[in-house]
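These notes concern the structure reproduced below.
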Amino acid sequence: MSLRAAERDYPGSFITLEGPEGAGKTTQVKLLSQKLEALGIPHTVSRDPGGTPLGKQIRRVLLKPGTYIAPMAELLLYQADRAQHVDELIMPALKRGEIVICDRFTDSTLAYQGFGRNIDRKTIEDLNAMATQGLTPELTILFDLESEKGLGRLHPGGHDRLEQEAIEFHHRIRQGYLTLRQEQPERWATIDATKALISVQEEFARIIVERFADRHPKLKDLA
Ligand code: Z5A
């Protein structure tokens with residue numbers, strides 16, 4: 001259920017996309033953005049990490065294959081990227097009343113650094129709260145698929161530092177997402193990401209319209 005205006009201190013809507021590698025989030029967010037653009041619906045799409053000029057530099061460091069980054073250093077780099085992202089891009093867009101769709105956000109940190117790297121959950125939650133100034137997504141869509149399937153879809157030209165991790169790491173992440181979803185079912189929606197691109201696209205649009213058309217009436221034309 002989306003938050004009522006009185007419970008938010010901005011007029012926009014904040015949606016995040018989550019899932020294991022190769023789930024199709026990037027593809028779908030581009031397609032959705034084209035449709036929103038065509039309908040004249042003010043929106044911002046971004047990604048975590050790398051949504052700002054500083055974030056792009058941090059992203060390069062984080063994903064470069066062959067670099068050893070200690071788990072706590074990795075966690076803090078993701079949070080530094082996020083603090084900049086919320087301050088420079090996400091919050092200003094929400095204050096302008098836009099729909100903000102972010103490819104990965106705080107749940108990625110719980111899934112990858114928490115379930116994946118076994119960093120203490122409370123530490124991650126505290127840092128998430130600090131980096132976001134308390135901002136939480138109203139809707140988080142899990143693009144769900146088995147880790148092997150997602151990794152199998154990725155570019156043959158080489159894998160980044162996280163994609164190169166052992167398959168057990170990726171299994172823990174998927175299980176982590178399923179646990180997070182179970183803990184807060186009202187915030188999460190799930191899309192079966194193994195389906196054909198067009199079916200995923202339709203389901204994605206249906207979920208957004210259902211949750212936000214009351215606040216952004218032009219969204220009805222998406223369906
Ligand atoms: N990370 C972290 O550890 N902690 C954090 O706090 C945060 C992130 C925020 C970011 O890299 C990495 O950082 C990520 C998590 C970690 N781990 N890694 N590696 P990223 O942004 O590059 O990673 P990603 O979000 O996983 O991107 P991705 O691997 O490209 O996945 P995707 O965006 O979900 O998928 P895609 O690029 O849209 O599609 C992948 C391929 O599948 C592509 O060839 C598509 O044409 C194809 N595709 C898409 N949809 C379909 C369907 N329906 N059927 C068949 N094929 C499809």
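Regarding Tyr112, is this residue under 18 Å from His171 (Cα atoms) and within 11 Å of the ligand (Cβ to nearest atom)?
yes
His171 - would you say it is without any contact (Cβ under 8 Å) to a residue 60 or more places away in the chain and within 19 Å of Arg47 (Cβ to Cβ)?
Details: without any contact (Cβ under 8 Å) to a residue 60 or more places away in the chain: yes; within 19 Å of Arg47 (Cβ to Cβ): no.
Criteria not met by His171.
Output the number of the condition that Glu148 fails; it satisfies all remaining conditions of (1) in a strand (DSSP E or B); (2) open to solvent by 70 Å² or more (accessible area, probe 1.4 Å).
(1)
Pairs only if they're at least six apart or on different chains, beta carbon under 9 angstrom, first in segment 26-51 and free of Cβ contacts under 8 Å to residues at least 24 places away in the same chain and within 26 Å of Asp87 (Cβ to Cβ), second open to solvent by 10 Å² or more (accessible area, probe 1.4 Å) and part of a strand (DSSP E or B); list them, first residue then second.
What qualifies is Lys30/Val45; Glu37/His43.
Looking only at residues in segment 151-179 that are away from the ligand (no atom under 13 Å from the Cβ) and not hydrophobic (A, V, I, L, M, F, W, C), which one is surrounded by the fewest Cβ atoms within 10 Å (Cβ to Cβ)?
Among those residues, the one meeting the criterion is Glu168.
Here is a yes/no grid of residues against (1) at pLDDT below 95; (2) touching an Asp or Glu at 6+ places or on another chain (Cβ under 9 Å):
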| position | (1), (2) |
| --- | --- |
| Leu110 | no, yes |
| Thr136 | no, no |
| Phe143 | no, yes |
| Gly152 | yes, no |
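Within segment 113-135, which residues are open to solvent by 40 Å² or more (accessible area, probe 1.4 Å) and assigned to a helix (DSSP H, G or I)?
Phe115, Arg121, Lys122, Thr123, Glu125, Asp126, Ala129, Met130
List the number of the failed condition for Leu62; all other conditions in (1) farther than 21 Å from Asp9 by Cβ; (2) of a type outside the set (Gly, Ala, Ser); (3) open to solvent by less than 10 Å² (accessible area, probe 1.4 Å); (4) under 16 Å from the mean Cα position of the chain (by Cα) hold.
(4)
Can you find, within segment 18-59, the residue that is nearest to Phe204 (Cα to Cα) among those that are among the basic types (Lys, Arg) and within 11 Å of the ligand (Cβ to nearest atom)?
Filtering first and then ranking leaves Lys25.
Looking only at segment 190-212, filter to residues that are within 17 Å of Ile99 (Cα to Cα) and either touching a residue at least 24 places away in the same chain (Cβ under 8 Å) or not acidic (Asp, Glu) (or both); which one of those is nearest to the ligand (Cβ to nearest atom)?
Only one residue fits best here, namely Phe204.
Which count do you get for residues in segment 64-81 that are modelled with pLDDT of 95 or more and either away from the ligand (no atom under 12 Å from the Cβ) or aliphatic (A, V, I, L, M) (or both)?
Adding up the residues that qualify gives 8.
Just to be sure, is Gln182 open to solvent by 50 Å² or more (accessible area, probe 1.4 Å) and part of a helix (DSSP H, G or I)?
Against the criterion (open to solvent by 50 Å² or more (accessible area, probe 1.4 Å) and part of a helix (DSSP H, G or I)), Gln182 qualifies.
For the condition over 22 Å from Gly176 (Cβ atoms), open to solvent by 10 Å² or more (accessible area, probe 1.4 Å) and among the aliphatic types (A, V, I, L, M), what is the one hit in Leu89, Leu110, Leu77?
On the way: Leu110 fails: over 22 Å from Gly176 (Cβ atoms); Leu77 fails: over 22 Å from Gly176 (Cβ atoms).
Of Leu89, Leu110, Leu77, the one residue that is over 22 Å from Gly176 (Cβ atoms), open to solvent by 10 Å² or more (accessible area, probe 1.4 Å) and among the aliphatic types (A, V, I, L, M) is Leu89.
The values are calculated or read from the model by the stated rules, or taken from the named source; none is laboratory data. The shown structure was predicted, so the numbers you read here are calculated from the model rather than taken from an experiment. Counting neighbours? That spans all protein chains shown, and the Cβs are built from the backbone with ideal geometry, glycine included. Note: accessible area is taken over every heavy atom of the protein model, side chains too, but ligands, DNA and RNA are not part of it. Shrake-Rupley method; radii C 1.70, N 1.55, O 1.52, S 1.80 Å.
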